[in-house]
Amino acid sequence: MSTDTRHQSARDIVAVLPDRAHDVARLQTLAEGGEPVITVVGKYNHGKSRLLNELIGQDVFAVADRRETVALADSLHRGVRWLDAPGLDADVASEDDRHALRAAWLESDIRLFVHAAKEGELDASELALLGELQDDGARTQRQTLFVLTQVDQLASDVDLESVSSAIGVQMPGVALNAVSATRHRKGLEGGKALLLEKSGIPAMRGVLEAALARVPVARRHEAVRLFDEIHEALLQVRTEQESELAKLRHAQQQQRQTFEQGLKAVIEKVSGNIGAMLAALDSDHALIPDTARDAYAITAGKLERAHIQIGYSRACIEIDSFLAGHGVTGVPQKQQTVAHALNSVMVAVMGVSVKFRKDLQRMFCEASGRERLQREFIHYYELSADRQALRESIVETESLIAGSARALAALHALKADA
């Protein structure tokens, strides 16, 4: 798998599981293989860079009394990649912090947690970080080694024992590797074997050799663990998405069924009322046109047409009330006119008014008329805002499920390439 393909696979997974971005990035690192990585982490001016130089045996990393390391410095030496991260007490949200985080959580197989002996016990931020590193080690088998540096700056071995005891109370069971880079350098320059041994650097190198021997097994364990965890998380997300989709589709079907049944009942009710009203009428006076002299007179035709209009209006009011209860009111934007009063579903389906019996009969008393009302009102129901929002939710959920499917396929591809 190419690097670009691997990165795309990672993006597909993180798009579904953004909170697992660090784990996915670590999987990429493991998939790329490469040399084991030892990272030194700790606070500024606790002797991290000097420690690395002595462990490697070369002055590779910058050493200064002021803050010097502001980037993720690295060196490849004898098949091991060494990283010197910025101090953990850098400015909040600074580039230093991001480099340190990347070194501790993404790059490293072995973390050297450095604390200067002269500082005494650990502060709250160190305790928190060390606890997180140890929890991560229990999960991934990545190793964290505690290094107590600058022990030469303590007045006596009694002081060293006191500091060690205090840290032991804070972090029960932690193994302290006490070292002095200064003693080791003086021992090398003066050819003093006893000083070299007392520096703790040779013993620290032995601890590191044993830790490095465990890296291949730890990497395999970590990769399997991360693959399993991410796979399980993706399956859970997909299950939740599919459950949500089923709920949405059920709601869509149930709402449509409820609307259709309710609408049919309303149309049948008002059709019955219209039919009864028409049956009670005698001669169809509405068909007799009014003359000019009847302009201001009350005629049988006018009374009939008024009677018909009242019956029609009552039917409209009852249907409109039902439609409003389901959010079916206005017509779509493309169907609207400048006359706002005409931009309603009732007008679109039933018109403005009815004057003759035959119109009422055709609309309410004939099966084809009732079926048309049912069909057209359902059409506008499906165009209502609530129904469109529900369809959009379904489409969005379907898209999320497709994303989960891509993420699962991407994870399988990464695993096959590991």
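Structure notes:
Yes/no per residue for (1) in the same structural domain as Leu278 (by TED's automatic domain parsing); (2) within 23 Å of Leu263 (Cβ to Cβ):
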site: His326; (1), (2): yes, yes
site: His340; (1), (2): yes, no
site: Met346; (1), (2): yes, yes
site: Glu366; (1), (2): yes, yes
site: Gln374; (1), (2): yes, yes
site: Ile378; (1), (2): yes, yes
site: Ser384; (1), (2): yes, yes
site: Glu398; (1), (2): yes, no
site: Ala416; (1), (2): no, no
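- Within segment 186-202, being of a type outside the set (D, E, K, R) and either outside the structural domain of Lys48 (by TED's automatic domain parsing) or surrounded by fewer than 14 Cβ atoms within 10 Å (Cβ to Cβ) (or both) holds for Gly190, Gly191, Ala193, Leu194.
- Whichever residue in segment 121-137 is in a loop (DSSP other than H, G, I, E, B) and surrounded by 15 or more Cβ atoms within 10 Å (Cβ to Cβ) and, among such residues, is nearest to the chain's Cα centre (by Cα): Leu122
- Checking Lys415 against (1) within 17 Å of Ala265 (Cα to Cα); (2) among the basic types (Lys, Arg); (3) buried (at least 17 other Cβ atoms within 10 Å of the Cβ), the condition it does not meet: (1)
- Of the numbered criteria (1) assigned by TED's automatic domain parsing to the domain that holds Val114; (2) within 20 Å of the chain's Cα centre (by Cα), the one Val14 fails is (1).
- The one condition in (1) outside the structural domain of Arg375 (by TED's automatic domain parsing); (2) surrounded by 12 or more Cβ atoms within 10 Å (Cβ to Cβ); (3) at pLDDT 95 or above that Glu232 fails to fulfil: (2)
- Some residue of segment 54-67 being farther than 25 Å from Arg220 by Cα, at pLDDT 80 or above, assigned by TED's automatic domain parsing to the domain that holds Ser199 and among the β-branched types (Val, Ile, Thr): yes
- Residue identified as crowded, with 22+ Cβ neighbours inside 10 Å, of a type outside the set (D, E, K, R) and within 22 Å of Arg406 (Cβ to Cβ) among Val14, Val24: Val24
- Subset of segment 3-33 (residues that are closer than 26 Å to Gly79 by Cβ, without any contact (Cβ under 8 Å) to a residue 60 or more places away in the chain and either part of a helix (DSSP H, G or I) or in contact with a strand residue (DSSP E or B) (Cβ under 7 Å, 6 or more places away or on another chain) (or both)): Thr3, Glu32
- Residues that are surrounded by fewer than 17 Cβ atoms within 10 Å (Cβ to Cβ) and within 27 Å of the chain's Cα centre (by Cα) within segment 138-164 comprise Ala138, Arg139, listed in sequence order.
- Failed criterion for Ile167 (all others in (1) touching a His at 6+ places or on another chain (Cβ under 8 Å); (2) among the β-branched types (Val, Ile, Thr); (3) within 30 Å of Ser393 (Cβ to Cβ) hold): (3)
For (1) surrounded by fewer than 16 Cβ atoms within 10 Å (Cβ to Cβ); (2) among the aliphatic types (A, V, I, L, M), each residue gets a yes or a no:
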position: Cys316; (1), (2): no, no
position: Ser321; (1), (2): yes, no
position: His326; (1), (2): no, no
position: Thr329; (1), (2): yes, no
position: Thr337; (1), (2): yes, no
position: Asn343; (1), (2): no, no
position: Val352; (1), (2): yes, yes
position: Leu360; (1), (2): no, yes
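- Boolean, Arg183 is under 27 Å from Lys48 (Cα atoms), within 39 Å of the chain's Cα centre (by Cα) and either buried (at least 18 other Cβ atoms within 10 Å of the Cβ) or assigned by TED's automatic domain parsing to the domain that holds Asp109 (or both): no
The values are calculated or read from the model by the stated rules, or taken from the named source; none is laboratory data. This one's a predicted model, so the numbers in the text were calculated from it and none came from an experiment. Don't worry about glycine lacking a Cβ; one is built from the backbone with ideal geometry, like all the others, and counts go over all protein chains shown.
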